[in-house]
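Novice: Below you will find the structure I want to go over with you.
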There are 2 protein chains.
Amino acid sequence: MKILVQKYGGTSVGTIEKIQNVAKRIISNKKKGYKMVVVLSAMGDNTDKLLEMAYELSDNPPKREVDMLISTGEQVSISLLSMALNEAGYAAISLTGSQVGIKTVGNHMKSRIADIDDSTLRKHLKHDKIVIVAGFQGINENSDITTLGRGGSDTSAVAIASKLQCPCEIYTDVDGIYSLDPRVYPKAKKLDSISYEEMLEMASLGAGIMHGRAIEIGQKYNIPIYVASSMGDKQGTTIKESDKTMESTAITGLAIDNNDAMITLSYVPYSIKVTAEIFDRLANKDVNIDMISQTSPRDNTVNISFTVPTNELTEAKEVLSFFESKYPQIGLSINERITKLSVVGIGMRSQSGVAARIFVLLANADIEVDMVTTSEIKISYVINTQDQQLAVKTIAEEFNL
Amino acid sequence: MKILVQKYGGTSVGTIEKIQNVAKRIISNKKKGYKMVVVLSAMGDNTDKLLEMAYELSDNPPKREVDMLISTGEQVSISLLSMALNEAGYAAISLTGSQVGIKTVGNHMKSRIADIDDSTLRKHLKHDKIVIVAGFQGINENSDITTLGRGGSDTSAVAIASKLQCPCEIYTDVDGIYSLDPRVYPKAKKLDSISYEEMLEMASLGAGIMHGRAIEIGQKYNIPIYVASSMGDKQGTTIKESDKTMESTAITGLAIDNNDAMITLSYVPYSIKVTAEIFDRLANKDVNIDMISQTSPRDNTVNISFTVPTNELTEAKEVLSFFESKYPQIGLSINERITKLSVVGIGMRSQSGVAARIFVLLANADIEVDMVTTSEIKISYVINTQDQQLAVKTIAEEFNL
């Protein structure tokens, strides 16, 4: 059986006309001889509308009930697409997450797929039916309906493709994956392919257009994920195992993040206990720390800088004011006008000096770097937001992004 | 365990505010010490809106997919009500037809409840949770979602009450069951109680406000069904086993039906074969015959009159034109301006002469009766629609309806 899994996002099934358009795309693949499994999101802004009603009733509705509510969105879109296909003369059947046997674990509204019982899927494919699956949802060990978090339909699609050991295509409202956000840098290049690892880094940096969990599953089962637009036939991007070509490129992508603030504590007593206490108290307030740097001690004090999400700044300040009173010599400064630039590329493993090359580039352009952190395939720089455009242009041109 | 099943119809949960209102009503019962099971319909005209989308895609969408689509309506209302109750501090859990174990048989869009696995219900009730059940829906032997036809939520509620052996209350947008339609006869009396049998007859005559199947199940398991308005606290009507008081009343209800036409065939050859052929051909065209009367033969011919639904008249005429050509002596007349009045009452069993009493009443009022049929607890009269108001007033006043 030559099987193909396709996923269509909410914008692609936002109206009856668009659903008919998706039906046509599926039929054209069917005619090419594929057994088709189609995973859908809810229509357009349906999920948001449902959530609005929930939040009219409660600021904090039980998450189990929210899952019960919002999982109806996909049930509507899958039944309508099945009708469109049947009307066009193609046998199709829609299945909820529960019916398809998508077993999840973990909390409501952010469950994870534990396993998929593919017997129902295979049965219908064997009878040459187009199987339309509700994305984003599953069922837990209590038979409660669960959802996988925003973008969870991607994960449903990749998990099903992994179980069926077939390719997976994700159709969305962007036409592929770019080396950097085209809204920031219009000349940004669309990538033909990107490795799972790079895509995971990009996704975690907020630059990705895909659910991180989907990429992890694709990587684990080595399922190529093709991302493209559901409108037209433009070539998209394939997320796959890294190959020689990918490794020859130093940098694949550049992620730009404006959602962090940088906090600097100066004259902090040079003691691992004090440092530990600071980060422990921040963690207890659920403040997420991303980058951290500490200067070498001078006069038995150090300067510590770290970034936190801007929307967690209030909690962070509360914690830090405690330390200001406890250690009056500590100085506190907060910079909200920072940009985190991250370059990602598996080529960095074999090519040394990428960090240095970028330092030189930025220095030549008179751009000051406040913090740097590096990992195996990623380097992040904190710069002032006013320098962002120049820095992006300089790096993109140098590395041909 | 003192359990109570309540069902709220679509109008009663049409808005967020109305859902909050229903939550208050449930809480007041909870405070009285009841373990509550609440069965809901979809919000307002939600089901119609979903069906509209389906019919945009296909004139004849697969019924399985229609069930998949419209069953989302109740899933939305139950989760929202559960949120409202939890927000008010009462533990509640919503369950789909599938989760509650409502097993159905028969065709999609008009399935029948075969059984209910009450273990999940009882488990949650034992933990003192308010259980909110999606009405109208169940699951068949293929694990496909099914629906029970218009008004099916009543059936869900009564079936659950039957399984739990507890009373059932149906809250709707009318405030009880009337002896006759108050829109036709404003002085119509609301009944305190009505027997299952009478209610079944009324329902089958189109005068009922309840799903016939719900009444049958209530009767089979002897579950009293209380019907009242969800707005205010006006006393409603209880559908229950007949008792002495009911039997002392000759007539409980009067149903008025304007949806039939009367067809009269004159000079039909007096032969059972011809009569059989006529009704056989009508049946083959799916024309539903209700009342039939035949005169005694004269000159070896008879006159045959019968009623058919007005919207099946075209098919009926096709069949009959065939007989006009086959037996040129046959005369055909059609009267679309007829009213079928049916009086219903279990008291008729013990009180003879009700039919005669009505004949005299109508004769005194100069109202001509075209056809009469009688059954154990029902008598139906066909009269001209122009006489309807007078006939209704005359009968209602005489029998104190």
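Novice: At what distance in nm do the modelled label points of A:Asp128 and A:Asp299 sit from each other, each positioned 7 Å from its Cα along Cα→Cβ?
Specialist: The two pseudo-label positions are separated by 8.5 nm.
Novice: Can you find, among A:Ile70, A:Ala92, A:Gly106, the residue sitting farthest towards the positive end of the charge dipole of segment A:3-173, where Lys and Arg contribute +1 and Asp and Glu -1 at Cβ?
Specialist: A:Ala92
Novice: Still on this model: What are the residues whose amide H is under 5 Å from the amide H of A:Ala114, where those residues sit 5 or more places off or on another chain and H is modelled from the backbone?
Specialist: Hits under the 5 Å cutoff: A:Lys103, A:Thr104, A:Val105.
Novice: Could you go through segment A:127-142 in sequence order and give the Karplus-derived ³J(HN,Hα) for each residue, using 6.51 cos²θ - 1.76 cosθ + 1.60 with θ = phi - 60°, rounded to whole Hz, and x for Gly and Pro?
Specialist: Rounded to whole hertz, the list is 7, 6, 8, 7, 9, 9, 10, 6, x, 6, 10, x, 9, 9, 5, 8.
Novice: I would also like to ask the following. Along the three principal axes, how long is segment A:58-128 when you take its alpha carbons, biggest first, rounded to the nearest angstrom?
Specialist: The Cα atoms of segment A:58-128 stretch 46, 25, 11 Å along their principal axes.
Novice: Follow-up question, since we're still on this one. At 1.4 Å probe size, with the rest of the protein present, what percent of the exposed accessible area of chain B is carbon and sulfur atoms?
Specialist: Working: 8150 of 17550 Å².
Carbon-and-sulfur percentage of accessible area, whole number: 46.
Novice: Enumerate the amide H contacts of A:Thr146 below 5 Å, restricted to partners 5 or more residues apart or on another chain; note that Pro and chain-start residues carry no placed amide H.
Specialist: A:Gly138, A:Ile139, A:Asn140
Novice: If you put a point 7 Å past Cα along the Cβ direction, how far is that point for A:Asn284 from the same point in each other copy, in nm, smallest first?
Specialist: A:Asn284 label point versus its equivalents elsewhere: 8.8 nm.
Novice: On to the next question. With the solvent-accessible surface defined on protein heavy atoms using a 1.4 Å probe, which residues belonging to segment A:51-76 display a reduction of at least 30 Å² in accessible area in the multichain context relative to the isolated chain?
Specialist: Output list: A:Met53, A:Glu56, A:Leu57, A:Ser58, A:Pro62, A:Arg64, A:Glu65, A:Met68, A:Leu69, A:Thr72, A:Gln75, A:Val76.
Novice: May I pose another question? In whole percent, what relative contact order does segment A:3-173 give with Cα contacts below 8 Å and a gap of six or more residues?
Specialist: On the way: 359 pairs, mean separation 52.0, N = 171.
Here the relative contact order equals 30 percent.
Novice: What ³J(HN,Hα) values, in whole Hz, does the Karplus curve 6.51 cos²θ - 1.76 cosθ + 1.60 give for segment A:368-376 when θ = phi - 60°, with x put for Gly and Pro?
Specialist: Listing the rounded values in order: 8, 10, 8, 8, 9, 9, 10, 9, 4 Hz.
Novice: Still on this structure, I have one more. Could you provide, to the nearest whole Å², the per residue accessible area of segment B:3-173 with probe 1.4 Å?
Specialist: 35 Å²
Novice: Please tell me the relative contact order of segment A:132-173 in percent, rounded to the nearest whole number, where contacts are Cα pairs under 8 Å and at least six residues apart. Write down the numbers at each step before the final one.
Specialist: On the way: 36 pairs, mean separation 13.2, N = 42.
After rounding, I find 31 percent.
Novice: Can you show me the helix-derived [θ] at 222 nm for the protein assembly as shown, built from DSSP H runs with n ≥ 4 at -39,500 (n - 2.57) apiece and divided by the number of residues, rounded to the nearest 500. Mind showing how you got there, number by number?
Specialist: Numbers: 28 runs with 301 residues, N = 802.
The helix-only estimate for the protein assembly as shown comes to -11500 deg cm²/dmol at 222 nm.
Novice: Among B:Ala54, B:Ala161, B:Ala214, whose mean-square fluctuation peaks in a Gaussian network model of chain B (Cα, cutoff 10 Å)?
Specialist: B:Ala54
Novice: Ok, one more. Once B and A are treated as a pair rather than alone, how much accessible area drops out, both sides summed, in Å² to 100, probe 1.4 Å? Working shown, then result.
Specialist: Numbers: alone 19040 and 19010 Å², together 35090 Å².
Chains B and A together bury roughly 3000 Å² of accessible area.
Novice: Whole number please: convex hull volume per residue of the Cα set in segment B:257-343, in Å³? Display every interim value, and only then the final one.
Specialist: On the way: hull volume 8.1 nm³, N = 87.
Expressed per residue, the convex hull around the Cα atoms of segment B:257-343 is 93 Å³.
Novice: Among the residues of chain B, which one places its Cβ closest to the rotation axis that maps chain B onto chain A, and what is that distance in whole Å?
Specialist: Minimum Cβ distance to the axis, with residue: B:Thr72, 2.
Novice: Please list, in chain and number order, the residues 5+ apart from B:Ile3 or on another chain whose amide H is under 5 Å from its amide H, with Hs placed from the backbone.
Specialist: B:Lys35
Novice: Where the centroid of each part is defined by its Cα atoms, how far is segment A:114-180 from segment A:347-363 in Å?
Specialist: Spelled out, the Cα-based centre of one part sits 39 Å from the other.
Novice: If you take the Cα atoms of segment A:3-173, find Rg, then find the Kirkwood Rh from the mean of 1/r over all pairs, what is Rg/Rh?
Specialist: Values: Rg = 15.2 Å, Rh = 15.8 Å.
Here Rg/Rh amounts to 0.96.
Novice: Tabulate in residue order the Karplus-calculated ³J(HN,Hα) for segment A:226-237, using 6.51 cos²θ - 1.76 cosθ + 1.60 with θ = phi - 60°, rounded to whole Hz; enter x for Gly and Pro.
Specialist: 9, 10, 8, 7, 7, 9, x, 10, 4, 4, x, 10
Novice: Placing the label point 7 Å from Cα along the Cα-to-Cβ direction, what are the distances from A:Lys49 to the equivalent spots in the other copies, shortest first, in nm to one decimal?
Specialist: The projected label point of A:Lys49 is separated from its counterparts by 0.5 nm.
Novice: Applying 1/(1 + (r/R0)^6) with R0 = 41 Å to the Cβ-Cβ distance of A:Leu313 and A:Arg349, what FRET efficiency is obtained, to the nearest 0.05?
Specialist: Working: r = 35 Å, r/R0 = 0.86.
Rounded to the nearest 0.05, the efficiency is 0.70.
Novice: A follow-up question, please. Of B:Leu180, B:Leu265, B:Leu121, which has the largest mean-square fluctuation in a 10 Å C-alpha GNM of chain B?
Specialist: B:Leu265
Novice: Taking 8 Å as the Cα distance limit and 6 or more residues as the minimum spacing, I'd like the relative contact order of segment B:95-229 as a percentage. Walk me through the numbers before you get to the answer.
Specialist: Working: 232 pairs, mean separation 31.7, N = 135.
So the answer I get is 23 percent.
Novice: Follow-up question, since we're still on this one. Return one whole number: the accessible area per residue of segment A:359-401 in Å², for a 1.4 Å probe. Working shown, then result.
Specialist: Details: 2150 Å² over 43 residues.
Accessible surface, normalised per residue, equals 50 Å².
Novice: Largest first and in whole Å, give the semi-axes of segment B:320-401's equivalent ellipsoid, each being the square root of 5 times a Cα gyration tensor eigenvalue.
Specialist: 30, 16, 10
Novice: Also: Distances from B:Pro309 to the same position in the other copies: list them in nm, one decimal, shortest first, using label points 7 Å from Cα along Cα→Cβ.
Specialist: Here the equivalent label points are 5.7 nm apart from this one.
Novice: Would you report the distance distribution of C-alpha pairs in chain B as whole percents per 20 angstrom bin, up to the bin with the largest distance?
Specialist: P(r) for chain B, in whole percents per bin: 25, 48, 24, 3, 0.
Novice: Here's a follow-up. Please report, in whole Å³, the volume per residue of the convex hull around the C-alpha atoms of the protein assembly as shown. Spell out each step's value before the answer.
Specialist: Numbers: hull volume 164.6 nm³, N = 802.
Value for the protein assembly as shown: 205 Å³ per residue.
Novice: Sort out for me the Cα centre separation of segment B:71-107 from segment A:259-290, rounded to whole Å.
Specialist: 46 Å
Novice: Cα gyration tensor of segment A:123-277, axes a ≥ b ≥ c as square roots of the eigenvalues: rounded (a/c below 1.5), prolate (a/b > b/c) or oblate?
Specialist: Numbers: a/c = 2.24, a/b = 1.44, b/c = 1.56.
Here segment A:123-277 falls in the oblate category.
Novice: What distance in nm separates the two pseudo spin-label positions at A:Met109 and A:Glu336, each 7 Å out from Cα along the beta-carbon direction?
Specialist: Label-label distance for A:Met109 and A:Glu336, simple model: 2.5 nm.
The values are calculated or read from the model by the stated rules, or taken from the named source; none is laboratory data. Given the structure is predicted, the values throughout are model-derived calculations rather than measurements. Glycine gets a Cβ as well: all are built from the backbone with ideal geometry, and neighbour counts include every protein chain shown. Accessible surface areas use protein heavy atoms only, side chains included; no ligands, DNA or RNA. Shrake-Rupley method; radii C 1.70, N 1.55, O 1.52, S 1.80 Å.
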